[in-house]
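Only one structure is covered here, and it is reproduced in the block below.
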Amino acid sequence: MGEGYSLGRYHFTSRLIIGTGKYASFEQNLAAAEASGAEMVTVALRRVKLDAPPGEGLFDFIRPDRFTILPNTAGCTTAEDAITTAHLARELLDTDLVKLEVIGDEKTLFPDVPATLEAARVLVDEGFTVLPYVNDDPVACQRLAAMGCAAVMPLAAPIGSGLGIRNPANIRIILETVDVPVIVDAGVGTASDAAIAMELGCTAVLMNTGIAAARDPVRMARAMRLAVEAGRLAYEAGRMPRRLYASASSPLDGLASF
């Protein structure tokens with residue numbers, strides 16, 4: 001997938017990040033992670049049994065010595081809760097990475113943008129590498145980037161909806177107006193959605209339900225990997241211009257007349 005990209009002091013080659021929720025088992029989660037080629041896996045710290053018996057916990061399968069663990073603050077509804085969860089993650093996992101989520105609406109799971117900005121400002125000041133989940137709002141993304149977030153993570157569509165990128169125009173504006181990586185997060189349902197995100201120029205894609213809720217999660221994980229690779233290659237290659245009318249594939253000049 002090219003030369004890769006950096007998030008703070010961390011460097012990655014894979015442009016696909018996957019989650020750890022909704023899988024039938026930890027074994028299936030690991031198989032999907034391997035098939036996806038992901039180097040980074042996000043974990044909702046508040047939903048992980050940290051006191052599971054040896055061999056029965058998530059980290060016995062998604063091992064921190066094999067994957068970069070991206071703790072997230074899923075389930076938090078206030079800036080204070082998110083900040084506390086990030087502190088806990090740093091203490092337990094010895095990482096400054098955090099995917100910042102502050103949910104503002106339980107039905108849609110849309111982020112609370114003011115609370116996200118508030119929490120991000122505190123965590124950046126405290127030395128965290130902050131990756132904020134946010135609406136596809138160019139202004140919010142510009143402010144998060146300006147305050148020092150390592151990336152911005154605009155949603156493609158509501159979490160778990162599988163609707164794909166609903167507003168590619170906003171994603172393009174975000175790409176043009178921030179100078180940090182743009183990682184599409186939430187709403188990717190199938191491989192073509194991932195390819196579109198990458199063709200727009202996004203740095204990476206993060207997904208969970210699109211893989212975990214597939215009929216065959218491991219095969220879908222491989223499909224997502226290939227789609228991300230293809231989308232990135234297409235972006236780097238540069239697509240042909242769109243035309244209203246046909247254009248002959250073979251030149252007409254110089255053809256013999258009969």
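The values are calculated or read from the model by the stated rules, or taken from the named source; none is laboratory data. As the structure is a computational prediction, the values presented were derived from the model and not from experiment. Glycine also receives a Cβ, built like all others from the backbone with ideal geometry; neighbour counts cover every protein chain displayed. With ligands, DNA and RNA removed, areas are computed over all heavy atoms of the protein, side chains included. Shrake-Rupley method; radii C 1.70, N 1.55, O 1.52, S 1.80 Å.
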Worksheet item: So what's the net charge close to Ser161: Lys and Arg +1, Asp and Glu -1, counting the other residues with Cβ under 13 Å from its Cβ?
Response: 0
Fill in: Within the range 3-97: Cβ-based charge dipole about Cα centre, in debye rounded to nearest 20 (Lys, Arg +1; Asp, Glu -1)
220 debye
Discussion item. Sequence gap at least 6, Cα distance under 8 Å: using those rules, report the relative contact order of the chain to the nearest whole percent.
Written reply: 18 percent
Worksheet item: Taking Cα pairs under 8 Å and at least six residues apart, what relative contact order does the range 47-149 come out at, in percent?
Response: 21 percent
Discussion item. Below 8 Å between Cα atoms, with a sequence gap of 6+, how large is the relative contact order for the range 116-258 in percent?
Written reply: 17 percent
Response to the item:
For the Ser6, Asn167 Cβ pair and Förster radius 30 Å, calculated FRET efficiency rounded to 0.05 is 0.65
Worksheet item: Computed from these coordinates, which is mean projected area of the Cα convex hull in nm²: (i) 13.5; (ii) 17.0; (iii) 15.2?
Response: (ii)
Worksheet, complete the sentence: Calculated from DSSP helices alone, with each H run of at least 4 adding -39500 (n - 2.57) and the total divided by the residues of the chain, [θ]222 nm to the nearest 500 comes to -11000 deg cm²/dmol
Worksheet entry | Cα centroid of the range 65-104 to Cα centroid of the range 120-188, whole Å | 16 Å
Fill in: Computed magnitude of the charge dipole of the range 102-258 (debye, nearest 20; Cβ of K, R +1, Cβ of D, E -1)
620 debye
Worksheet item: In 5 Å bins starting at 0, how do the alpha-carbon pair distances of the range 19-133 split up by percent?
Response: 2, 12, 22, 22, 18, 14, 8, 2, 0
Worksheet item: Any idea of the accessible area per residue across the chain, 1.4 Å probe, to the nearest Å²?
Response: 50 Å²
